[in-house]
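> After the structure tokens below, expect a handful of questions from me.
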Amino acid sequence: MDEIQASFGQFGLSDPLIRAIEEVGYEAPTPIQLKTIPLLLEGRDVIGQAQTGTGKTAAFALPILEQLNPRRKEVQALVLTPTRELGIQVAEAMYSYGKHLGVRVLPVYGGQSIGKQIHRLESGVQVVVGTPGRIMDHLRRGTLDFSNLRFIVLDEADEMLRMGFIEDVEWILSNAPEERQTALFSATIPAEVRRIADRYLKDPVMVEIEHRTMTVPTIDQRYVMVSEAQKVGALANVLETQTAPGEAVLIFARTKTGTADLAEKLQARGYAAEAMHGDMNQVQRENVVRRLRSGQLEIVVATDVAARGWDVDRIGMVVNYDIPYDTESYVHRIGRTGRAGRTGKALLFVTPRQKRMLRDIERYTGQRIEPVKVPSPADVAARRTQIFKERILKTLEEEDLELYLNLVEELVEESGYDISEIAAAAARLARGDKPLEVVIEPAPEEVSQTEEGMVRLFIHAGRQAGVRPADIVGAIANEAGVPGRAIGAIDIYNHFSFVDIPAQYLDRVLERMDGVTIRSQKADIRVATPKDQKGVPPQRDFKSRGKRFNPRGRKKPPRRE
Ligand code: AMP
């Protein structure tokens, strides 16, 4: 890649935004940003065909932030998202980009206290990010004022369609001022999304990422499915089990800060690792490359920009710690391994939301990327043991052990211990503080344990209010349109109840059940926490205290998509 390096400077964004981009550690605009930002700055409406992971949030957020007036305490921009999770993510991103402008961003979604939201809205925010149901609610109550609204973004429009929010979205669009700029982002553009665009966008420009079909060199390509929080642990296990000692590994992360953080974490685990990013000058970068080539370094964590144009033959494995923005950079990244006739390995970390990016890469390279499991602690322990044994045998074969043989014989004689016991003590001593076994750190438990693919909800209504399982199934099925048979276990206690629902319905249930009553009791439905279940009896005791009811019998929950 030797084209002239694109930079955020070329958009003419104001200094507070450039500073914020610098702080989040972005080095260069992604392909969707390169195309969308100038159009939105020009005032055009845009349809962006882009999915999560392409950098689409900054593609709309930066030009909107550039154009709104932070001194006016009124809602100037609205971003509609299909889920609470995405809404929070977008709001956090917009907040961090708008930090030096002093822009206030408020996420607004169902399942959160409406009173608090009203209070925040009254105190003056410029950007509102929310799910359609709750936004509609605020508009109807008059607690959200659109008279100064200048920008609307429909994020993941196809998802909003799939989740049945399209009518709500249309209602919101038809209640927004005519004089506004609208951007629609969608991974796919089905007819219904196209219809919305035709109806509510003004002469929109269609923006897509170009997908060139690319040939991939013969490299063993695999992926692991991990959550963001699991990545570091997974990487550590991969490094221990899948790389040969001394093998050079190149890891790609998205941002400067990301490379620095990860290199530091790897150093703390005892690896000779270093970051390489665009803030380092040519000499510093060459220094890193030289040390990797000579074997002084085992791991380099780099951004795409920093790794451009370098040539190291030694790399045995490329890890895509953060998924690349497009197929092209994936192919460039993995092309760093398998050079000079060696066989190379490439591993891609994919979070559940990035599945589509994975499929895109496969489609445009015409090669399958095989799934692998994150190596378990037992795998790591087995590998450590194997390497340690090999080291001992190598020492036996290659070193002069005369002196030590005498020592062992003396010890046997003097101590009366068995020779194998003495060898075990010597091995323990040689390991020092590097244990063979792996200490399993308990995973942070955020939500209550349920069947796989299910989420447990807490309902603030129980037996005293006369709640029966059928009331809960009925309310969820009717209000949120969840098929009754998909609803899982229900536990009813005196003052509250729990119900398991398939995770894919979570956002819809929270959104639609907001304010719903069950047996005249306000349901106050939310995700259950382990704390909710503290003090409630374990399941086998349910007969005496609460009733357990499972409308689906013992069937497995439906698989998540
Ligand atoms: P999105 O597709 O908007 O969900 O963004 C995916 C990820 O890419 C987020 O973690 C962003 O922080 C990150 N990101 C967005 N733009 C850039 C950029 N120009 N350089 C590096 N990372 C970026």
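Only the coordinates and a few stated rules stand behind these numbers; no lab work does. Because the structure is a prediction, the values reported are computed rather than measured. Neighbour counts run over all protein chains shown; Cβ positions are idealised from the backbone, glycine included.
> Which value, in debye to the nearest 20, gives the size of the charge dipole of the chain about its Cα centre, when Lys and Arg are +1 and Asp and Glu are -1 at the Cβ?
So the magnitude is around 2400 debye.
> In nm, to one decimal, how far is the modelled label at Leu436 from the one at Arg293, with both set 7 Å along Cα→Cβ?
According to this spin-label approximation, the distance is 4.0 nm.
> From the Cα gyration tensor of the range 12-89, with a ≥ b ≥ c the square roots of its eigenvalues, which class applies: rounded if a/c is under 1.5, or else prolate if a/b is larger than b/c, or else oblate?
rounded
> Dipole size in debye (nearest 20) for the range 8-208 around its Cα centre, Lys and Arg Cβ +1, Asp and Glu Cβ -1?
Result for the range 8-208 is approximately 520 debye, rounded to the nearest 20.
> Could you give the nm distance between label points at Thr517 and His119, where each point is 7 Å from its Cα heading toward the beta carbon?
About 2.5 nm separates the two model spin labels.
> Let me ask another. Based on the mean of other beta carbon atoms within 10 Å per residue, what is the order of 387-399, 509-521, 463-475, most packed first?
The densest-packed peptide leads the list: 509-521, 463-475, 387-399.
> Sticking with this one: Using a cut-off of 14 Å between beta-carbons, work out the net charge of the residues near Ala424 (Lys and Arg +1, Asp and Glu -1, Ala424 not included).
+1
> Just want the answer: with Cβ charges of +1 for Lys and Arg and -1 for Asp and Glu, which residue in Leu101, Thr213, Leu201 is farthest toward the dipole's positive end in the chain?
Most positive-ward Cα: Leu201.
> I would also like to ask the following. What angle, in degrees between 0 and 90 and rounded to the nearest 10, separates the Cα long axis of helix 256-268 from the longest principal axis of the Cα atoms of the chain?
Around 40 degrees separate the two axes.
> Provide the FRET efficiency to the nearest 0.05 for the Glu398-His211 pair, computing r from the beta carbons and using R0 = 35 Å.
0.10
> So what's the angle, to the nearest 10 degrees on a 0 to 90 scale, between helix 56-67 and the longest Cα principal axis of the chain?
60 degrees
> So how far apart, in nm, are the two label points at Asn406 and Thr257 if each is 7 Å from Cα heading toward Cβ?
It works out to 6.1 nm between the two label points.
> So, one more: Order of Arg336, Arg368, Arg485, Arg44 from fewest to most other C-beta atoms within 10 Å?
Neighbour counts put them in this order, fewest first: Arg368, Arg485, Arg44, Arg336.
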